[in-house]
Amino acid sequence: YALSSFVFMGGSLPKNNEAWAGLCHNLMEPLLHRKPVFFGTNTYYRKKIVAQLKAVCPDLEVRTSQELGEGILKLTHDKALLEAIEEREKAIAEAQSDIVVRYLSFLHRLLGQESESPLTEEGVEVLA
């Protein structure tokens, strides 16, 4: 993602009757690189992030390759919109930055470990 200018999330276009419809790939990965992320309409399990992105630019949700091309052209020419999307992505990523620590803490407690977190303060600072 670091080398891309724009990202399209695979797995977001299948029809609802397909077994993996709505799963979509992990939107957080390109968001961490602050790249504009285009996605299809089947993002059921990513609704919160999708709603936040669409609030800035509804054109990030595409149904066809033509819409994808038009969206990329729009962002290529509208630097203010591109910057607004990047800022929203930064905010979303920062709000989720502790997710790894939360998952590890949950697993640590599940395994019956005594401390709240398996990470030291130093480790948390690196992840945050």
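To the nearest 10, the accessible area of residue 33 is 80 Å² with a 1.4 Å probe. The reciprocal of the average 1/r between distinct C-alpha atoms defines the Kirkwood hydrodynamic radius, which for segment 49-97 equals 11.3 Å. For the set 99, 85, 49, the ranking by accessible area, highest first and with no ligand, DNA or RNA atoms included, is 99, 49, 85 under a 1.4 Å probe.
The values are calculated or read from the model by the stated rules, or taken from the named source; none is laboratory data. Because the structure is a prediction, the values reported are computed rather than measured. The accessibility values were calculated without ligands, DNA or RNA, using every heavy atom of the protein model including side chains. Shrake-Rupley method; radii C 1.70, N 1.55, O 1.52, S 1.80 Å.
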